[in-house]
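Chemist: One structure follows; several queries about it will come next.
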Amino acid sequence: MKRRVVITGMGAVTPIGNTIEEFWDGIRSGKSGIAPITHFDASEYKVKLAAEVKNFVAKERMDFKAAKRMESFSQYAVAAAKEAFEDAGLDMAEEDPYRIGTIIGSGIGGLECHEKNYKKLQERGPGRVNPLMIPLMISNMAAGNVSIQLGLKGKCTDVVTACASGANSIGDAMRAIQYGDLDVCVAGGTEASICPSGVAGFTALTALSCNPDPASASRPFDKDRDGFVIGEGAGIVVLEELEHAKARGARIYAEMTGYGSTGDAYHITSPAEDGSGAGMAMKFAMKEAGIQPEQVDYINAHGTSTHHNDLFESRAIRYALGKAAETVVINSTKSMVGHMLGAAGAVEVIVCVKSIEDQFIHQTIGTEHIDPECGLNYAVGSPVEKKIDYAMSNSLGFGGHNVSLIVKRYEE
């Protein structure tokens, strides 16, 4: 028998707020975190906009000396994890540290650190490279730093599946608890790649929007969409075995009931054109959750605002849900926070949980004219208020990684 897994804590650092409360207030008010790039001089770049984290001061969220030995992606993860851990009310003095794990993914890791030190190497020689360059930049260090800061000694891993990293991390944490490896897991994703090489690389790939208007640069499922807006930040949840949570009187936000994960085996950047890969991930998630397509009340789509993703994901939703695809409410949080890459899936699971709690589905802002080829209900024009029992979150990553997670309103 698989053990039931619930969500008991949440934390976030995002372009529209550096705590869960700030983030959700921004979501509810339709706030956009997209603005001109400030992290570096982008005057010579085709792309002028990004969704940057704002007013984040690491020393206010963690030990100053520890923060100096972390790149931004690790700092964001530690700040969000601390918030989630405190939110869950866990007391390590009462817990077995080997039963609490850490699974936090990052699609890219410390790209800015690599960039800066390569410049030093070229200009000043190998002796001037930062001695901590490697432990600063490698992507597992978000999970490692969270584990160290919180004293978590259970399974500690870093899932790297590009833009599906955060979602795979939560799914893998769910599995680890279901089958008894852990009782609690701090899980999610983090990213901080708004730097010259990150923006230049995605621009060269023609993946980023060159639209200079912050209000319409990210417009998922719109017929005039022209690419995604790069974002950054972290989303972390505390997953817990149900009986463990009940025994300590924890507040339970929602239950994780489905995890589907597939590979397209098709193309390094494009999803499968018929939507079968992502569609099968959704079907597997629904099968595990024990529900039919018409029971899915809400889908938080990957919805990047690129031509291929939005079209092929829409096909995937039809592939998985059949007739129910025509009526289910769908939205894209990336319309507000841009594409947070490895952090996106985790932040979007948090949106699903809060949407269930508030019976509120945010509008897909920026989108005005739905692409008829996509043609589903993308919550355009206004938010939707409705009772949500089951919410689905989709994530797709370069390389053909597909993840679907199902979050359920908690019932004993």
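Chemist: Give me the distance in nm between label points sitting 7 Å out from Cα along the Cα-to-Cβ direction at I268 and A215, one decimal.
Modeler: It works out to 3.9 nm between the two label points.
Chemist: What is the percent carbon and sulfur in the accessible area of the chain, measuring with a 1.4 Å probe over the protein chains and ignoring ligands? The partial results should precede the final answer.
Modeler: Numbers: 7940 of 15730 Å².
Looking at the chain in its full context, I get 50 percent from C and S.
Chemist: Residues of the chain: accessible area per residue at 1.4 Å, in Å²? List each step's numbers first, then the result.
Modeler: Values: 15730 Å² over 412 residues.
Accessible area per residue, the chain: 38 Å².
Chemist: Quote the accessible area belonging to K386 in square angstrom, nearest 10, computed with a 1.4 Å probe and with ligands, DNA and RNA left uncounted.
Modeler: Approximately 70 Å² for this residue.
Chemist: Let me ask another. Keeping every protein chain in place, order C210, C185 by accessible area at 1.4 Å, biggest value first, i.e. largest first. Numbers along the way, then the final one.
Modeler: Values: C210 65, C185 0 Å².
So the residues, ranked largest to smallest area, are C210, C185.
Chemist: How big is the accessible area of R219 in square angstrom, nearest 10, if you roll a 1.4 angstrom probe over the protein chains?
Modeler: For R219, solvent-accessible area is about 50 Å².
Chemist: As a quick test, which of the pairs K31/K287; K68/K120; K153/K334; K323/K387; K54/K334 have an alpha carbon distance above 24 angstrom in this structure? Show your work: numbers first, answer last.
Modeler: Working: K31/K287 35 Å; K68/K120 19 Å; K153/K334 34 Å; K323/K387 20 Å; K54/K334 17 Å.
Among K31/K287; K68/K120; K153/K334; K323/K387; K54/K334, the Cα-Cα distance tops 24 Å for K31/K287; K153/K334.
Chemist: Turning to a different aspect of this structure: In nm, to one decimal, how far is the E21 label point from the T327 one, both placed 7 Å along Cα→Cβ?
Modeler: 3.9 nm
Chemist: From largest accessible area down, sort S106, S261, S139; use a 1.4 Å probe on the protein chains.
Modeler: Working: S106 0, S261 60, S139 25 Å².
So the residues, ranked largest to smallest area, are S261, S139, S106.
Chemist: With no solvent and one equal point scatterer per Cα, compute the Debye intensity ratio I(q)/I(0) for the stretch 345-412 at 0.12 Å⁻¹ and report its log10, rounded to two decimals.
Modeler: -0.39
Chemist: Would you please classify the overall shape of the stretch 134-197 from the alpha carbon gyration tensor, given that a ≥ b ≥ c denote the square roots of the eigenvalues, rounded means a/c under 1.5, and beyond that prolate means a/b larger than b/c while oblate covers the rest?
Modeler: Values: a/c = 2.92, a/b = 1.53, b/c = 1.90.
Note, shape of the stretch 134-197 comes out oblate.
Chemist: For the chain, take the alpha-carbon Rg, divide it by the Kirkwood Rh, and send me Rg/Rh. List each step's numbers first, then the result.
Modeler: Working: Rg = 19.8 Å, Rh = 20.8 Å.
So for the chain, dividing Rg by the Kirkwood Rh gives 0.95.
Chemist: Quote the convex hull volume per residue of the stretch 128-250, based on C-alpha atoms, as a whole number of Å³. Before the final figure, lay out the partial values.
Modeler: Numbers: hull volume 20.6 nm³, N = 123.
Taking only Cα atoms, the stretch 128-250 has a hull volume of 167 Å³ per residue.
Chemist: May I pose another question? If you take the beta carbon distance between K54 and R251 as r and set R0 to 25 Å, what does 1/(1 + (r/R0)^6) give as a FRET efficiency, to the nearest 0.05? Please list the in-between numbers first.
Modeler: Working: r = 29 Å, r/R0 = 1.16.
Approximately 0.30, to the nearest 0.05.
The values are calculated or read from the model by the stated rules, or taken from the named source; none is laboratory data. Not measured: the values here are computed from a predicted model. Here the Cβ is made from the backbone with ideal geometry for all residues, glycine too, and neighbour counts use every protein chain on show. For the accessible areas, the whole protein counts, side chains as well, though only heavy atoms, and no ligand, DNA or RNA atoms are used. Shrake-Rupley method; radii C 1.70, N 1.55, O 1.52, S 1.80 Å.
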